[in-house]
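Visitor: For reference, the structure I am asking about is given below.
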Amino acid sequence: MIAISMSIRKAGGGNNRLPPKSRSFVFAALLWAGAFSCASVNAETLEEFAVKTAVTLNLAIFTEWPEHAFKSEDEDLRFCVIGDNTVQQAFEQLSAKKIGSHSVAIFNINRNRNIDDCHIVFISGQDRLQLAQLHAAALGKPILTVDDTEGLTTFKGIVNLQKNNDKLTLNINLDLARQAGFIMSARLLKVANVITANP
Amino acid sequence: MYKTVILIFGLIVWMLASQAINAEEASDVYALDLEELLDVKVTSVSKKAQSLSDAPAAIFVISNEDIKRSGVTTIPDALRMAPGIDVARIDSNKWAVSSRGFNGRFANKLLVLIDGRNIYTPAFSGVYWEMQDVMMEDIDRIEVIRGPGAALWGANAVNGVINIITKHSADTQGGLVTGGGGTEELGFGSARYGTQLGEDTTGRVYMKGFKRDELISQDQSRSNDDWDKVQGGFRVDSLVTNADAFTVQGDAYHSNFNQKLNYPAFDTPNGIAFVNDKAQAHGANVVGRLQHTFSSTSSYTLQLFYDRYDREDIYIHEVRNTYDIDFQHRFALNGWNDIIWGGGYRYSESETRFDRTPAISFDPQNRGDQYFSAFLQDEISLVDNTLWLTLGSKFEHNDYTGFEYQPTARLMWTPHPSHKAWAAVSRAVRIPSRIDSDMTLRGSIIPAGQSPFPPFPVEATVNGSKSFDSEELLAYEVGYRFTFAKLFSLDVSAFFNEYESLRSFSPGQPVPPTVNTPYITQPFIIDNGNSGETYGVETSLVWQMRDNWRWDLSYSFIETHLHNSEYYQEAVSPQHKVSLRSSINPWKDISWDIWLRYTDDASAFTVVGVAPVESYITMDMRLGWRVHKDVELSLVGQNLLNDSQLEYIGENFVQPNENQRGFYGKLAWQF
């Protein structure tokens, strides 16, 4: 899949028709842009938030919620997002995707931060206070908290995504997950950095 | 010409379209399994291009990366990136900074906070920019809010609020040492070290210093305004419990600043004398902040700060102590009402001395003022996730004018995550400062030889008035934000501002000569005689043209219609302002930035009348080379297009000075 998308990318860049010669600065700049757009882009890279949404979707797939978390078999999986427009737009892509018998419903809870109805909360950014508030409010509840705060030394949420050398690392606080009644699949725990000493 | 424009336009559209195709690739990501996802390299290119606030106000954010890549070394220079903000250097250690017009060194309609600490001084309702500094590398972001923010932030947030926010100490772990120098930035250095102090406690300390060269006077003589400064500080952040976050931070500084000043004098033929003044300032502050969470929808913040400065130049020696406490509680009343309410108290006391010249004095010399405030804001969700109405008001009491109210109504509409529109109507006031109320300023002297009443010279003074009232603004604003294909964002806002009771002055009764004062004094009394309207448009546009190339364009237009009194001609800000930045990484480890700025004709207010400032265009450039993972070398050229350029003229005492072309090199090492 990546290969296909990359070839689209390259084709898009390669088709660039260069304008006729001009003395203007703007022209020179655009010409240069053309030259750059011909250059190929690093083939293994994907957009950060696209990857984060996909990882979070996988988290939902490989996590079992406690029974009482869903009122019915086909109830929506309420997926709440706190973050700027880039983050919100990225998560919109998950809307209506199926996880077992549940459909994903995306909620932007930037304004009214009521998390009690959420099955998953994804919180983006470096605001450590907001993060602490969320963790305090979600503690022990069947709410899967996922954050992407960089440079954390202690993990008080269930899942944390860190960027290390341009790749994502998955940190899972298993004690907190168990406390909230989650069962996480072995496949998930195999690829994650599992933290247990820090409930 | 038209053909060229069409061709360029076509090319831009084509590039955007080609990138829209690139952006579509994201859907493929869901076909990857977890192992593959954690193995793929990620880029955050679109994040940089696209992050836009969803607040119903005209907000522009200057990021840490913007500051670094622009090569700026001061907070005012960083603010030049924002649309709608007028920044001009008056001399080496003085700036004029304002939002939406009315610029001047003593500009008074802009509120500025550093980490929640209000740095505006009630001495003149403005900011001594030369005394404000932070470790530039530790700035998380600068939020520039144009338009009235008074409903939340209170009096003096008339035309804008600037929030300078430094990083959490957990994000500045380890060491950073920088140093460098050049032609105008003669030498500078800084060192910061951050460490973990406990399980959930982190801290940092820093020290910085610089020496800056003098500018050049407009007549090409020396301007004698070189200066230096040393500043140090700390910050500790702790998560005391899961629900209580505590921050304490502080700074202290000392600065020697030279200035070439003029003052009205009887003993010179033209009534003006000059002095090379060696001035100094020192100060310190400490801020404590506790944030407690009741639930995900309810939390409060309690903040206390103390700020002190001692600033002495030949005209005025002022020592000011400010004590402030603020409380703010946010909670969701129900599913559709989000309430913020709070209150605050401030006591600000100032002692002034005028021992060295008779040019200015305050009566009373010392005074302390109390400011009480309360505010309430309700954000009402009218249509889920689409339409919000915010109603709020600040209620204040101050010792100058008594009770003030400052309401706002704001509507935010987000029909689609890519489209956001907002509109607002607000009232704001600028309360009097000590110069409005207590000052007597000797503005000019007409020597006996040119006097209309020989043989007596004439002294013109500006006198504050205890009856001076608040300046009032009624502002109407609309805005729209748009993002396209993840790589392009546009932010447009327009405003119409109606001002009443603006400051002016009118001539009072002349005072005849006496034996002790053998001259005629013509006082001009400060009053609220001016009014007027301004309107304008501000746009900012970000285009991530390639993964390694980004453009930032901002354009501001302002039209000023003031009904001025004959004796007080308010400053008129540049009608057009453009800032265009290109940030490119031509190779890995190399960054290259070009920043072009255009500033239209403007006029400054001075106590002796209007002073025109001509339009100018200038350019900065920065070349950065990451020699090693932790070491970066950079070369910066500033104001490259002219040897020197007049940017502004101060209200009084300061001669016109020109900002010069400068180069500096810098080394930054982190460990």
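Each reported figure results from applying straightforward, stated rules to the coordinates on display, with no laboratory input. Computed from a prediction, not measured in an experiment: that's the story for all the values here. Backbone-built Cβ (ideal geometry, glycine too); neighbour counts: all protein chains shown.
Visitor: Please compute the modelled spin-label separation between B:N270 and B:L304, points set 7 Å along Cα→Cβ, answer in nm with one decimal.
Guide: Result for the modelled spin labels: 5.5 nm.
Visitor: Further question: Evaluate the relative contact order of chain B (contact order divided by residue number), counting alpha-carbon pairs under 8 angstrom at least 6 apart; express in whole percent.
Guide: On the way: 1903 pairs, mean separation 84.6, N = 671.
Reported as a whole number, the value is 13 percent.
Visitor: In what order do B:L646, B:L474 fall by count of nearby beta-carbon atoms within 10 Å, going from fewest to most?
Guide: Working: B:L646 22, B:L474 15.
If I rank by nearby Cβ atoms, fewest first, I get B:L474, B:L646.
Visitor: Moving on to the next point. Debye sum, Cα scatterers, chain B, no solvent: what log₁₀ I/I(0) at q = 0.09, 0.10, 0.11 1/Å?
Guide: -0.82, -1.02, -1.25
Visitor: Run a plain Debye calculation on the protein assembly as shown (Cα atoms as equal point scatterers, no solvent) and give log10 I(q)/I(0) at q = 0.06, 0.07, 0.10, 0.11 Å⁻¹, rounded to two decimals, same order as the q list.
Guide: -0.43, -0.59, -1.18, -1.42
Visitor: Just check the range A:48-195 against the gyration tensor rule for me: Cα atoms, a ≥ b ≥ c as the square roots of the eigenvalues, rounded for a/c under 1.5, and otherwise prolate or oblate depending on whether a/b exceeds b/c. Could the numbers behind the result be given before it?
Guide: Numbers: a/c = 1.26, a/b = 1.13, b/c = 1.11.
Cα axes put the range A:48-195 in the rounded bin.
Visitor: Per residue of B:160-173, how many C-beta atoms from partner chains lie within 10 Å of its own C-beta, taken as a mean? Don't skip to the answer; put the middle values down first.
Guide: Working: counts 0, 0, 0, 0, 0, 0, 0, 1, 6, 1, 8, 5, 1, 2.
So the per-residue partner count for this stretch is 2.
Visitor: Counting only other chains, what is the mean number of Cβ atoms within 10 angstrom of the Cβ of each residue in peptide A:127-140? Working shown, then result.
Guide: Details: counts 2, 9, 10, 5, 2, 10, 12, 2, 5, 12, 9, 1, 2, 0.
Rounded to a whole number, the mean comes out at 6.
Visitor: Going by how many other Cβ atoms sit within 10 Å of their own, how do B:F372, A:F70, A:F49 line up, fewest first? Working shown, then result.
Guide: Values: B:F372 14, A:F70 18, A:F49 26.
In increasing order of surrounding Cβ atoms, one gets B:F372, A:F70, A:F49.
Visitor: Taking each residue of B:215-227 in turn, how many C-beta atoms of other protein chains fall within 10 Å of its C-beta, and what is the average? The partial results should precede the final answer.
Guide: On the way: counts 0, 0, 0, 0, 0, 0, 0, 0, 0, 0, 0, 0, 0.
Counting other chains' Cβ atoms within 10 Å and averaging over B:215-227 gives 0.
Visitor: Ok, one more. What spacing in nm lies between the two simple spin-label points modelled at B:D643 and A:A96, each 7 Å away from Cα in the Cβ direction?
Guide: Distance between the two pseudo-spin positions: 6.8 nm.
Visitor: Something else: Roughly how many debye, to the nearest 20, is the charge dipole of the protein assembly as shown about its Cα centre, given +1 on each Lys and Arg Cβ, -1 on each Asp and Glu Cβ, and no other charges? List each step's numbers first, then the result.
Guide: Numbers: 77 positive and 104 negative charges, 364 e Å.
I would put it at about 1760 debye.
Visitor: Would you calculate, for chain B, the mean residue ellipticity at 222 nm contributed by helices, counting each DSSP H stretch of 4 or more residues as -39,500 (n - 2.57) and dividing by all residues, to the nearest 500?
Guide: On the way: 7 runs with 53 residues, N = 671.
Here the helix-only value at 222 nm equals -2000 deg cm²/dmol.
Visitor: Sort A:L134, B:L152 so that the residue with the fewest other Cβ atoms within 10 Å of its own Cβ comes first and the one with the most comes last. List each step's numbers first, then the result.
Guide: Numbers: A:L134 25, B:L152 21.
Fewest-to-most Cβ neighbours within 10 Å comes out as B:L152, A:L134.
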